[in-house]
């Protein structure tokens, strides 16, 4: 995450999007729909010769060309192994395109719907797919993609938020205190766990990045793929009461173990990882605040009420990290 604060997509008009797609030799039919995305800009584009496509414009300053290409290579490796992922298409041998200072990629549009994980057996299917994904992810290493770490996602994110001037003085002082205590708790939990097995993972595996077709889950948006522990791609599917979480875990892990090994000791990392995500999410919004899409999408972000509730959540997360990890039957 960087603190790019300009408006990099200001000139990305509908005509500019269509022109970028047609520059690849695709004949567009005029259909264009903006899809839900804040970090990047993503559009569904109709064509007469390639069917419906998805065109993704990458936010400048976030990833290098090499990092994006490594994301693309990972997606293509997974797709070649018949994993349910959406991989970029190549034109003249290139998956990363350039147009008017922006970088973009074109993907096939997959016919799928939002995932409904409360249906019996759905979590097992997700676990099986993630087990297959991680089995491939463990075969090699990323060279330039980031590594999941407390410094980048925690301490640096905290400093970015505190330096953003979006918090009033009283809130900033309290946030500085509670976030420091929380990060110290994360550090202690991580250190106490010992060496963590790090492989290539999706990195941002939440419900918004999982679709569902007639065969099961389809993973989209590898924009945050990284080296990290397997549990990072699993924990966001676990929620609810302790009994509900245990049931969800048993179904998810049962499917996962059919294709990959799973060290259940990593359950102890769930609450530290949840805490990192809480800190990083707010820093991400602060870093993008000058992008008009963000104040529109998160109008509550500068309200005192939100920060009072968030500070309470951070204190509770300190307690969650100190508590024993989820007990298994």
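List of remarks:
- Selection status of residue 240, in contact with a strand residue (DSSP E or B) (Cβ under 6 Å, 6 or more places away or on another chain) and in a loop (DSSP other than H, G, I, E, B): no
- Any hit, the range 104-122, residues being in a helix (DSSP H, G or I) and either under 19 Å from the mean Cα position of the chain (by Cα) or surrounded by 15 or more Cβ atoms within 10 Å (Cβ to Cβ) (or both): yes
- Residue in the range 247-261 that is buried (at least 18 other Cβ atoms within 10 Å of the Cβ), modelled with pLDDT under 95 and either in a loop (DSSP other than H, G, I, E, B) or in contact with a strand residue (DSSP E or B) (Cβ under 6 Å, 6 or more places away or on another chain) (or both) present: no
- Criterion: surrounded by fewer than 17 Cβ atoms within 10 Å (Cβ to Cβ), in contact with a helix residue (DSSP H, G or I) (Cβ under 7 Å, 6 or more places away or on another chain) and not in a loop (DSSP other than H, G, I, E, B) - qualifying residue of 151, 176, 159: 176
- Any chance residue 138 is in contact (Cβ under 8 Å) with a residue 60 or more places away in the chain, buried (at least 16 other Cβ atoms within 10 Å of the Cβ) and not assigned by TED's automatic domain parsing to the domain that holds residue 74: yes
- Filter pass, residue 92 being surrounded by fewer than 14 Cβ atoms within 10 Å (Cβ to Cβ) and either assigned by TED's automatic domain parsing to the domain that holds residue 49 or under 17 Å from the mean Cα position of the chain (by Cα) (or both): yes
- Test: residue 73 is in a helix (DSSP H, G or I), farther than 19 Å from residue 25 by Cβ and out of contact with any strand residue (DSSP E or B) (no Cβ under 6 Å at 6 or more places or on another chain): yes
- Residues (in contact with a strand residue (DSSP E or B) (Cβ under 6 Å, 6 or more places away or on another chain) and under 14 Å from residue 223 (Cα atoms)) located in the range 32-53: 40, 41, 42
- For the residues 190, 212, the requirement of being in contact (Cβ under 8 Å) with a residue 60 or more places away in the chain, assigned by TED's automatic domain parsing to the domain that holds residue 261 and either farther than 20 Å from residue 316 by Cβ or assigned to a loop (DSSP other than H, G, I, E, B) (or both) singles out 212.
The values are calculated or read from the model by the stated rules, or taken from the named source; none is laboratory data. Because the structure is predicted, anything quoted here is derived from the model rather than measured. Glycine gets a Cβ as well: all are built from the backbone with ideal geometry, and neighbour counts include every protein chain shown.
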